[in-house]
Amino acid sequence: MLTKKGLLKDFQKEPEKHWKVNLFHEKGFKRSVCHCGKSFWSLSDRKECPEHEDYGFIGTKVSKVKWDYIESWREFEKFFKKEGHTPIPRYPVISRWHPTLFFTQASIQDFQRFDGDVLEFDYPHNPLIVPQACLRFNDIENVGITGRHMTAFVMAGQHAFNDSTGNGYWKDRCIELNFSFLSEVMGIPEDEITYVEDMWAMNDMSAFGPSMESYSRGLEIVNSVFMQFQGMGDSYRELPLKVIDVGWGFDRLSWFSQGTPTIYDSSFGPVVGRMKKELSIDYDEDLFKRYASVSKNLDVDDTPDLKKARLETAKRLGVSVEDLERKIGPMEAAYAVLDHSRALAFAISDGGMPSNVGGGYNLRVIARRAMSFIEKHNWNLKLEDVALWHAEYLKPMFPELSKNEDEIVKVLQTEERRFRQNRERSKKIADSMRGKAPTTDELARLYDSDGVTPEQLGVETPSDFYDAVTKRHMVQEKEEVKSKLDVSGIAPTGVLYYEEPYVFEFDAKILKLFGDNDDLVVLDRTAFYPTGGGQMHDNGEINGIKVINVFKLGKVIVHKLAGPMARSKEAKCKVDRSRREKLMRHHDAVHIVNGATKAVLGSHVNQAGSEKDVDKARLDITHYDALTDAEVAEIERLANEVAAKDLPIDKEEMPRGDAEQKYGFRIYQGGYVPSKEIRVVEVRGFDIEACGGTHGDSTAGAGPIKITRTKKIADGLVRIELVAGEVALEYLREKGKILAEVAEKLGVPEDDVPKAVGELFDAWKKLRRGKK
């Protein structure tokens, strides 16, 4: 099997083919091999690759510029715009368009789409640049310590797609642009720039290629990936679309230009100063500069024994470990709080929320780690305030953070309240663990069961703790539909259930009969809707035999019958109209209620699941608390108001990329769609999403809408059960009948039933007390 390490070794047998570019020839770059085995290209006579080099830019002016964070983007954008690249806004950090990843982890992910299981790219311009905010949780332990690790960072993506338009470019142009920006725009001396050979690959080897890491003074500034090959078992071939995937460490551009002790000082700008002032942190700037230049050696991943590394660092600086930790520790904790609050601001603004499920689990991990630091140092600090400081500073680049300030505050206040409620239990657990050295597994179990972090226990965080608790929630498993039915070789089923006016009777040709009783039928075309997207299947008849189930295998639709089908080539089909209309009304109502929840509760609300059946429907939403009676009443009132307005329900099939550009990524609130063409359903001006279900022409048919029950089904998830249309009328009639019967038994008017029931309950309680 192909491996990244094996491919790198093979490719390095021909370095001139895979890494040498025209620039290296023109400038006289020479290739060397480091004692660690890494190969690199440089104009100087260096013997080691840059990974063995301390940070040589801290406190020293290497580049001719000194940019703050916002200015860095303006200069980057100006250069690449002049060189023919189109700047585009960032995509959300919650990657709802991706089939498996909860979070956007790299700028190239913005454009990755799938047609079934085949990787494709949808891009609005070519070439382009994007200031993509990314979230990664595999280095949490390093955040605040190494001076360079972050959970939220901006990757300035530079991408070119070598398609048939001829607008893309390849290695020579890529490294030429890279070198020009570093040496001419930033003013880094040419002999201070080193290129290190590497290999990039997707986990499944569906795409890979050589890459070039650009370093200066020990800092990797940018990684240029030449996505060129596709793995096929033990061999590979060229991709049909070769992609330039350059990830500029945007935070590192301002850090390098300013030469500040840490990346946090340059990236967070005035927010760092405000934090120091608010907390009155004793900051030894000279010690911190000297410490920062060697702190890259404290990377938890590369340093199993962190205590030993601390001791060696203290010796190099000429201070005791105790003095080092006393002077450095509070600022490291403050940097971690600053980083985590910025990550949470981006996530909440884009519709994410701390919880115990899915990607929300990782957001809760960093929220609680930040709060643990605040508690440990007895700081009078609110996490939501720090998040708003970031939003204010980043407004010129990311104005959406300020627009969503209310959401950020509400979510973080709720999270902090839960953290405080858990404090007493955490203290008891900490007391019981005193003097013990819990393993990573034990700490992970404590976190999962009680929400207690290592910081709260006062124990040293194991190097693999945060990786152990977060890696389970970085990727969502793809559901694999397994079937014993072989539909290979059968043509895709023609779809009639979207035709308007709706088709309820039709003729079709029988393509295949399955099953021991010939009770599974595939037609050349069908108006029977198969179960999908939360909507239950249609029923009806085929050649007089009842259809009791309809499901889809790939692009083939299979009909399950109540009995065997006689061998025939022709089929007369009839869809149960009453059932279809009830399902359709419930589906319309779910969309309406979904829009109402966003309007009433806030933009953080997203659909997390739904089901539409004939007798009821349900909608699961992301929300940080159980719904109050007042909130339920307002959601129901607004939903019925929308139904009464008779708003059009528009359905449109369009290319996926066009839909994303026109409507944004809110269309994926119902889930990922693995298709080039998607069907967009809009309750005009109120709710919009990609949806494959059946819908009416207007909202009037969905009314009345009655919410029958709401409940919190998991932390951060609320379920709303509802009925609509004639099912709602029947529900209300039944409730009215029950009320009338209760009023009759109590001998009071219906309006007085609540009062009479209360009096009856009080009397019952008195009777119970009298018997005791």
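The values are calculated or read from the model by the stated rules, or taken from the named source; none is laboratory data. Keep in mind the model is a prediction, meaning the values are calculated, not measured. Positions of Cβ are generated from backbone atoms using ideal geometry, with glycine treated the same way; all protein chains shown enter the neighbour counts. Quick note on the areas: whole protein, heavy atoms, side chains included, nothing else; ligands and nucleic acids left out. Shrake-Rupley method; radii C 1.70, N 1.55, O 1.52, S 1.80 Å.
Hey, does segment 95-115 have a residue that's over 22 Å from residue 200 (Cβ atoms) and in contact with a His (Cβ under 8 Å, 6 or more places away or on another chain)? Within segment 95-115, not a single residue is over 22 Å from residue 200 (Cβ atoms) and in contact with a His (Cβ under 8 Å, 6 or more places away or on another chain).
Assessment of segment 177-190 against the conditions (crowded, with 18+ Cβ neighbours inside 10 Å, over 14 Å from residue 156 (Cβ atoms) and without any contact (Cβ under 8 Å) to a residue 40 or more places away in the chain) yields at least one matching residue.
Please identify the pairs in which a residue from segment 268-284 that is among the basic types (Lys, Arg) has its Cβ atom under 8 Å from the Cβ atom of a residue that is open to solvent by less than 60 Å² (accessible area, probe 1.4 Å) and in a helix (DSSP H, G or I), counting only partners at least 6 apart or on another chain. Final answer for the pair search is 274/389; 276/334.
Rundown of residues vs (1) closer than 22 Å to residue 491 by Cβ; (2) assigned to a loop (DSSP other than H, G, I, E, B); (3) over 29 Å from the mean Cα position of the chain (by Cα), yes/no style:
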site: 546; (1), (2), (3): no, no, yes
site: 550; (1), (2), (3): yes, no, yes
site: 578; (1), (2), (3): no, no, yes
site: 596; (1), (2), (3): no, no, no
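Being in a helix (DSSP H, G or I) and farther than 13 Å from residue 348 by Cα is the filter; apply it to segment 391-416 and report the residue that is least open to solvent (accessible area, probe 1.4 Å).
Quick first cut of segment 391-416, residues in a helix (DSSP H, G or I) only: 391-393, 400-403, 405-416.
Then keep just the ones that are farther than 13 Å from residue 348 by Cα; that gives 392-393, 416.
Values: 392: 119, 393: 39, 416: 15 Å².
Of everything passing the filter in segment 391-416, 416 is least open to solvent (accessible area, probe 1.4 Å).
For residue 137, the stated conditions do not hold, so it cannot be described as in contact with a helix residue (DSSP H, G or I) (Cβ under 8 Å, 6 or more places away or on another chain), modelled with pLDDT under 95 and farther than 30 Å from residue 330 by Cα.
Condition first: of a type in the set (D, E, K, R) and either within 22 Å of residue 454 (Cβ to Cβ) or outside any helix (DSSP H, G or I) (or both). Now tell me which residues in segment 380-390 satisfy that. Scanning segment 380-390 gives a single hit, 382.
Checking each residue in segment 63-91 for being in a loop (DSSP other than H, G, I, E, B), out of contact with any Gly (no Cβ under 7 Å at 6 or more places or on another chain) and open to solvent by less than 40 Å² (accessible area, probe 1.4 Å) picks out 67, 85, 88, 90, 91. Within segment 316-359, being within 14 Å of the chain's Cα centre (by Cα) and modelled with pLDDT of 90 or more holds for 343, 344, 345, 346, 347, 348, 349, 350, 351, 352, 353, 354. Within segment 1-20, the residues that satisfy the criterion of being part of a loop (DSSP other than H, G, I, E, B) and either in contact with a strand residue (DSSP E or B) (Cβ under 8 Å, 6 or more places away or on another chain) or not hydrophobic (A, V, I, L, M, F, W, C) (or both) are 2, 3, 12, 13, 14, 19, 20. Being surrounded by 19 or more Cβ atoms within 10 Å (Cβ to Cβ), without any contact (Cβ under 8 Å) to a residue 60 or more places away in the chain and touching a strand residue (DSSP E or B) at 6+ places or on another chain (Cβ under 9 Å) is the requirement here; does residue 383 meet it? Considered against the rule, which asks whether it is surrounded by 19 or more Cβ atoms within 10 Å (Cβ to Cβ), without any contact (Cβ under 8 Å) to a residue 60 or more places away in the chain and touching a strand residue (DSSP E or B) at 6+ places or on another chain (Cβ under 9 Å), residue 383 comes out as no.
For segment 253-270, state whether one or more residues are surrounded by fewer than 17 Cβ atoms within 10 Å (Cβ to Cβ) and under 30 Å from the mean Cα position of the chain (by Cα). The answer is yes; a qualifying residue exists.
Matching residues to (1) among the basic types (Lys, Arg); (2) touching a Gly at 6+ places or on another chain (Cβ under 6 Å):
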{"residue": "537", "(1), (2)": "no, no"}
{"residue": "547", "(1), (2)": "no, yes"}
{"residue": "550", "(1), (2)": "no, no"}
{"residue": "556", "(1), (2)": "no, no"}
{"residue": "567", "(1), (2)": "yes, no"}
{"residue": "570", "(1), (2)": "no, no"}
{"residue": "576", "(1), (2)": "no, yes"}
{"residue": "593", "(1), (2)": "no, no"}
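Taken over segment 517-536, the criterion of being over 15 Å from residue 569 (Cα atoms), at pLDDT 95 or above and not polar (S, T, N, Q) is satisfied by 527, 528, 529, 530, 536.
Go through segment 9-33 and count every residue that is open to solvent by 40 Å² or more (accessible area, probe 1.4 Å) and within 19 Å of residue 171 (Cβ to Cβ). The number of residues fulfilling the criteria is 13. When residue 151 is tested against the conditions (1) crowded, with 24+ Cβ neighbours inside 10 Å; (2) of a type in the set (Ser, Thr, Tyr); (3) farther than 17 Å from residue 268 by Cα, the lone failure is (3). When the criteria are applied in full, residue 517 fails the requirement of being touching a Ser or Thr at 6+ places or on another chain (Cβ under 9 Å) and either open to solvent by 50 Å² or more (accessible area, probe 1.4 Å) or in a loop (DSSP other than H, G, I, E, B) (or both).
Does residue 481 fit the bill of being at pLDDT below 70 and under 30 Å from residue 578 (Cα atoms)? Considered against the rule, which asks whether it is at pLDDT below 70 and under 30 Å from residue 578 (Cα atoms), residue 481 comes out as yes. The set of residues in segment 339-379 that are open to solvent by 10 Å² or more (accessible area, probe 1.4 Å), among the acidic types (Asp, Glu) and either farther than 21 Å from residue 393 by Cβ or not in a loop (DSSP other than H, G, I, E, B) (or both) contains only 375. Whenever a residue of segment 657-676 is closer than 13 Å to residue 95 by Cβ and open to solvent by less than 40 Å² (accessible area, probe 1.4 Å), its partners that are outside any helix (DSSP H, G or I) and aliphatic (A, V, I, L, M), lying with C-beta atoms within less than 7 angstrom and at least six residues away or across chains, give the pairs 668/690. Within segment 200-251, the residues that satisfy the criterion of being assigned to a loop (DSSP other than H, G, I, E, B), open to solvent by 20 Å² or more (accessible area, probe 1.4 Å) and within 20 Å of residue 115 (Cα to Cα) are 202, 203, 204, 205, 206. So for segment 124-138 (the condition being buried (at least 24 other Cβ atoms within 10 Å of the Cβ), among the polar types (S, T, N, Q), over 20 Å from the mean Cα position of the chain (by Cα) and over 23 Å from residue 401 (Cα atoms)), does at least one residue qualify? No; the residues of segment 124-138 include none that is buried (at least 24 other Cβ atoms within 10 Å of the Cβ), among the polar types (S, T, N, Q), over 20 Å from the mean Cα position of the chain (by Cα) and over 23 Å from residue 401 (Cα atoms).
Being in a helix (DSSP H, G or I) and of a type in the set (A, V, I, L, M, F, W, C) holds for only one residue in 328, 281, and it is 328. Residues that are more than 30 Å from residue 91 (Cβ to Cβ), of a type in the set (Asp, Glu), open to solvent by less than 50 Å² (accessible area, probe 1.4 Å) and part of a strand (DSSP E or B) do not occur anywhere in segment 629-639. Would you check if there is a residue in segment 285-307 being modelled with pLDDT of 85 or more and open to solvent by 10 Å² or more (accessible area, probe 1.4 Å)? No, because not a single residue in segment 285-307 is modelled with pLDDT of 85 or more and open to solvent by 10 Å² or more (accessible area, probe 1.4 Å). Quick one: count up the residues across segment 200-227 that are in contact with a helix residue (DSSP H, G or I) (Cβ under 9 Å, 6 or more places away or on another chain) and of a type in the set (S, T, N, Q). Selection size over segment 200-227: 3.
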